[in-house]
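Notes follow the structure.
Just so it is clear, none of the values below were taken in a lab; they were calculated from the coordinates. On a predicted model such as this, the values are computed, not experimentally measured, just so you know. Here the Cβ is made from the backbone with ideal geometry for all residues, glycine too, and neighbour counts use every protein chain on show.
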Amino acid sequence: MPERRTVALVTLGCARNEVDSEELAGRLAADGWELVEEAADADVAVVNTCGFVEAAKKDSVDALLEANDLKDHGRTQAVVAVGCMAERYGKELAQALPEADGVLGFDDYSDISDRLQTILNGGIHASHTPRDRRKLLPISPAERQGAADVALPGHAQDTPPEDLPEGVAPASGPRAPLRRRLGSNPVASVKLASGCDRRCSFCAIPSFRGSFISRRPADVLGETRWLADQGVKEIMLVSENNTSYGKDLGDIRLLETLLPELAAVDGIERIRVSYLQPAEMRPGLIDVLTGTDKVAPYFDLSFQHSAPGVLRAMRRFGDTDRFLDLLRQIRTKAPEAGARSNFIVGFPGETESDVAELERFLTEARLDAIGIFGYSDEDGTEAASYADKVDPEVVAERLARVSWLAEELTAQRAEERVGESVRVLVDRIDEEEGVVGRAAHQAPETDGVTLLSTGRELVPGRMVEAKVVASEGVDLVAEVLSVDGPERAEEAGR
C-alpha cells in the first residue's frame, strides 16, 4: 500500500485563485494525495497567494508564516507558496521568506505532485525567475490559441489520466481541466479566460497573469455540466476581463451566445458574470444579461474612478456622465439589476475637484456594492513612476471620507429594495443568523446577503422566491414566499 500523503490548500485572494486551487486539488488527488481541510492535519500546506495590492501581499505572507508555525507542533512538514505572489516574485520571495520550503510558479502546476513530493522528501526545487508573461503569447490574439507550451492555470492543456478518483474532473470530456471541489458550497466559479490585454497604469496583473486568452465554449460548458453533477447550483464566470471573451476565437460576441447555453445546463439555477469593463460593454451583452432566464442581471463594472483626468492617467476611458448613462441603459432593460464596482482614491495627480466628481458619480449611480481603495505604488507599473504623488495623509483622509459615503449610499440602495420580490439561493444555515442566502444582485464574498425569515426547513442550494421586508446595512431581510422543488433533501424521493 502506498504511503499516505496529505495536503491542504489555503486560498487567498479572488475567485480566480479559488479555481486554481481546485485545479491543483484535482491534480494532486489524481496522483494519490489525500486532501484535508486543515493545514495542521497535512504533510504539506500549500498557500495559494495573492499578489495584487500591498494588503493582499501582507495577508499572503502572514498565511505562510502561520502555516510555518505548524511545523513545530503539528503534522505539517513543509509549507509551499503558489499563486500570483509566488509567480510575481519567485526567487525574491524565496529569499525574503526562508520559512517557505518552496515557491512554485504557474509553470510548476502541471507537475505539482512531483514538486511537492520532492520538497516533502527534503529536496529543493529552485524558485523561478519572474518574467513578463505578456511576452509568452503572440501579440495577435488570433494566434494565441495554439500556444500549448505556455502554462495557463484553469485551461485544459494536457491529457488527463484514464483512471480518475471519484469527484475529480473531467467527468464530462477530455478537455476539462483536472479539478476537485474544495467544499460543498452551492456556488462555484468557472474560468472563462486568463490574462488581460489592457494596460491600466496602476495594475501589474497582466505582467504575471499574461495576455488575454479565452477558453473554448465547449470546455466551459463541459466543466459547468461537471459542476452541476457535483451539486453546484450557481456558476460565476471569472477572468481578468470577461467582456473581451471570444476576441481571440474570432467572435467578440461569443459571450452572448454562450450564456444561454450555460443557463440551459440541467441543475444550474443561476449564471453570474463578473469582471466587466465599462469601455467594452455593448448593447447585445446588456440584452443577454438582462433578458436571459437564469442569467443574473448583475453588473460587476470596473469603473475605478469617474473624473476624466484621473481616468486618462490610469489609461482608462469614460467619465461620470458616460458611466451614469451606461447604468441607465442597464436599468431601462432591468430596473432591479444589481451593479457594483471598485474605486481608487489618491491616484497620482488626483485633485479635490476630482474627488468631488467621484462623489457625484457615487451619489447618482445607486450601486449595490462599492469597494474603495487608497492608491499605493505597485512594482513595475507605470503609475509608480508618476511624479505627482498625493501625500499619504491626504490619501488616508480621502479613503475614509469616500468609504463613509459609499457605506451610506449602499445602505440606502438596500433600503430601496424593500418591497421587491427576489429569487434567493440559500448559501448556508447559520446558528446565529439563520438561513443565509443571496439574491441575484449579491455575488459571493464581495456583496451583501439576504437573511431569510421562514418557518420552513431549507437546505443550502435551494432556490426560493422571497419578498424583501427590511434592510440592515447592505444586507436584506426577506420573507419566503415559495420554494423551488422539495424543501427537504430527503423529500425528493417521496
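What 222 nm value per residue comes from the helices of the chain, counting each DSSP H run with n ≥ 4 as -39,500 (n - 2.57) and dividing by all residues, nearest 500 deg cm²/dmol?
Working: 13 runs with 153 residues, N = 494.
Using -39500 (n - 2.57) per qualifying helix, the result is -9500 deg cm²/dmol.
Which FRET efficiency, nearest 0.05, do Phe317 and Arg253 yield, Cβ-Cβ r, R0 25 Å?
0.80
Provide the packing ranking of 379-388, 178-187, i.e. peptides ordered by the mean count of other C-beta atoms within 10 Å per residue, highest first.
178-187, 379-388
Which FRET efficiency value, to the nearest 0.05, is calculated for Ala279 and Thr129 with the Förster distance at 45 angstrom and r the Cβ-Cβ distance?
Details: r = 34 Å, r/R0 = 0.76.
In this case the efficiency is close to 0.85.
Checking the cross-link filter: which lysines have an alpha carbon closer than 26 Å to that of Lys191, excluding same-chain neighbours under 8 positions apart?
List returned: Lys57, Lys58, Lys135, Lys233, Lys247, Lys294.
So how far, in whole Å, is the C-alpha centre of the range 236-259 from the one of the range 317-348?
20
Quick one: P(r) of the chain from all Cα-Cα pairs, 20 Å bins, percents rounded to integers, in order of increasing distance.
So the P(r) values, bin by bin, are 22, 56, 21, 0.
On a C-alpha basis, how far is the centre of the range 392-408 from the centre of the range 72-89 in Å? Whole number, if you could?
35
Taking the Cα centroid of the range 430-474 and of the range 8-50, what is the distance between the two, rounded to the nearest whole Å?
So the separation of the two Cα centres works out to 29 Å.
Could you tell me whether the range 306-424 comes out rounded, prolate or oblate from its Cα gyration tensor? Rule is a ≥ b ≥ c as square roots of the eigenvalues, rounded for a/c under 1.5, then prolate if a/b exceeds b/c, otherwise oblate.
Since a/c reaches 1.5 and a/b is larger than b/c, the shape of the range 306-424 is classed as prolate.
Under 14 Å from a point 7 Å along the Cα-to-Cβ line of Ser482: which residues of the range 423-456 have their amide N that close?
Of the residues in the range 423-456, 423-424 have backbone N under 14 Å from the label point off Ser482.
Work out how much length Arg360 to Glu34 would gain on full extension: take 0.36 nm times their residue separation and subtract the Cα-Cα distance, in nm to one decimal. Intermediate values should be presented prior to the final figure.
Details: separation 326, 0.36 × 326 = 117.36 nm, distance 5.31 nm.
Gain on stretching Arg360 to Glu34: 112.0 nm.
Go ahead and run the numbers for FRET between Asp388 and Ala264, Cβ-Cβ distance against an R0 of 41 Å, rounding to 0.05.
Efficiency at R0 = 41 Å is approximately 0.20.
Taking only C-alpha pairs under 8 Å that are 6+ residues apart, what is the relative contact order of the range 295-406 in percent?
30
Full-extension gain between Gln145 and Lys58, please, as 0.36 nm times their residue separation minus the C-alpha to C-alpha distance.
Taking 0.36 nm per residue and subtracting the Cα distance, the gain is 27.8 nm.
How many percent of all Cα-Cα pairs in the range 246-350 sit more than 22 Å apart?
Result for the distance tail: 38 percent.
Which ³J(HN,Hα) values in Hz, rounded to whole numbers, follow from the phi angles of the range 339-354 under the Karplus curve 6.51 cos²θ - 1.76 cosθ + 1.60, where θ = phi - 60° and Gly and Pro get x?
For the range 339-354, the Karplus-derived couplings read 9, 9, 6, 10, 9, 10, 10, x, 5, x, x, 5, 9, 5, 5, 5 Hz, x marking Gly and Pro.
Rounded to whole Hz and in sequence order, give me ³J(HN,Hα) for the range 397-410 from the Karplus expression 6.51 cos²θ - 1.76 cosθ + 1.60, θ = phi - 60°, writing x for Gly and Pro.
5, 5, 4, 5, 5, 6, 5, 4, 4, 4, 5, 5, 5, 5
Residue-wise, which Karplus ³J(HN,Hα) couplings in Hz belong to the range 267-273, taking 6.51 cos²θ - 1.76 cosθ + 1.60, θ = phi - 60°, and x for glycine or proline?
Taking θ as phi minus 60°, the curve returns x, 7, 9, 8, 10, 10, 10 Hz for the range 267-273.
Provide the net charge surrounding Gly167, with neighbours chosen by a C-beta distance below 9 Å and charges set as Lys +1, Arg +1, Asp -1, Glu -1. Each step should come with its number before you reach the end.
Working: positive: Arg180, Arg181; negative: Glu166.
Net local charge, Gly167 excluded: +1.
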